[in-house]
Protein chains: 2
Amino acid sequence: MRRTSPGRPRHVVSTSAASPRDQVLDAAAELFVTRGFAATSTREIAEKVGIQQASLYYHFAGKDEILAELLQRSVRPTMDNVAKIEALVPPDTDATALYLLALIDIRTLAEASHNVGILYGQSDVADSEIYAEFHHARGQLVESYGRFGLRAASRDLASDIDTRELGEMLTHSVEVVTTLRQVGLAVTPKRANRIAAAALRMCEVPQATISIAASAAGDLLAGLVTIDQTAGALAAQ
Amino acid sequence: MRRTSPGRPRHVVSTSAASPRDQVLDAAAELFVTRGFAATSTREIAEKVGIQQASLYYHFAGKDEILAELLQRSVRPTMDNVAKIEALVPPDTDATALYLLALIDIRTLAEASHNVGILYGQSDVADSEIYAEFHHARGQLVESYGRFGLRAASRDLASDIDTRELGEMLTHSVEVVTTLRQVGLAVTPKRANRIAAAALRMCEVPQATISIAASAAGDLLAGLVTIDQTAGALAAQ
């Protein structure tokens, strides 16, 4: 809900909320989620932003392109961190890597504009070309979950399941964030940790290891957030 | 995929597949899932069944009513069994009750016509009156999961989470069935058991208890299936 309060000085407004492109995305997300994708027109999106329909088309070819961008934004921040996680987390602490991936993904979904994660299903029946990049990114996310999950998994489970299936199960389990938001349960740090811990339990990680991973991942996440904010501040200059 | 093979004698065709009402539901489910709900017209549904549009309206007021019925059918069989589970499962075996509820729900979702579970989100933005019964049934399912889950949960978790939140998390976790079907992974008994076990792990049930629950719930499910089939055969006469 990136709303700017009336009296807020322009230069501290988040750059992402301020750009016309992002205003279109935010208005579209709200309309898609509350009224439905099919029932929303580009005219209504433009009206909500307070721009001409022609100006909207300057930024996006149509509403499919807007939805594709929204969906990508609900995956990309997590994927951008996968390499960082692999670099940051010491070897032989696979449970920590999975916990950290889950925490970052939970944060991404919790911050996604108007809970757009609930629109994932819309892209399955729509023009596949426009959504190709989103489907590719989500495929990579599933693969990362599967890879991290298999490394953290009990020997029994690891010998019995493949990357794809475990990845789909873990990705789905973290997407409970969209359900909680939908029913009005805020994604508090306690809930975020409960969801991440549940992902590790799915991999049959013992409780003692989960506790260590939770603590280590929490510390690493604080470091990553600082890096993100610094990078964001630099990009905004 | 209730398709009848060409040479199959009429009297052994499942009654549910044979009724015109069910043929409409099946055709609609396929179109809604493959093309999208908004992009499908009642005319196309009627054409697919091979009936007049007017005949379709004899059974349903419109496509919202068809979707509402499809969604209810993806929840109702599970809810019909909740009372049976509470009667069948001995006291103090709460983990078994939760495991059995999960197995029945997994079966319901695995058998739902054309994986209609992926259309759940469609009802949130549509006419609320028509979907009221489905939302009520799904609310009861969430409540049952929460109640069974709290009884099975570790003391730590049970003191820290309420029925609603745990219910939403467990319901969502079992709905991974729709994701697996969507990506082409068949819901084998092994996968069904893995999903049910994951639900118990989410409640911090120890592995030894999960193993006992899996075995007991498997036996009870076989009994329930027999009861269902007997009831179905009697109803069909």
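Reducing the stretch A:136-174 and the stretch A:48-64 to their Cα centroids gives an inter-centroid distance of 38 Å. Take A:His136, push a point 7 Å out from Cα through the beta-carbon direction, and compare it with the same point in every other copy: 4.9 nm, smallest first.
Across the identical copies, the label point of A:Asp219 (7 Å from Cα in the Cβ direction) is separated from its matches by 4.8 nm, in order from shortest.
Each peptide in B:26-39, A:35-48, B:66-79 gets a packing score, the mean of other Cβ atoms within 10 Å over its residues, and the list from highest to lowest is B:66-79, B:26-39, A:35-48. When A:Arg76 is represented by a point 7 angstrom out along its Cα-to-C-beta vector, the spacings to that point in the other copies are 4.5 nm, nearest first.
Assuming R0 = 30 Å, what is the FRET efficiency of A:Ala39 and B:Arg164, from their Cβ-Cβ distance, to the nearest 0.05? E between A:Ala39 and B:Arg164, to the nearest 0.05, is 0.55.
The modelled label-to-label distance for the pair A:Ser211/A:Ala132, using points 7 Å beyond Cα in the direction of Cβ, is 5.1 nm.
Bear in mind these aren't lab numbers, they're just calculated from the coordinates by the rules spelled out. What you are looking at is a predicted structure, and each value in this text was computed from that prediction instead of being measured. Counting neighbours? That spans all protein chains shown, and the Cβs are built from the backbone with ideal geometry, glycine included.
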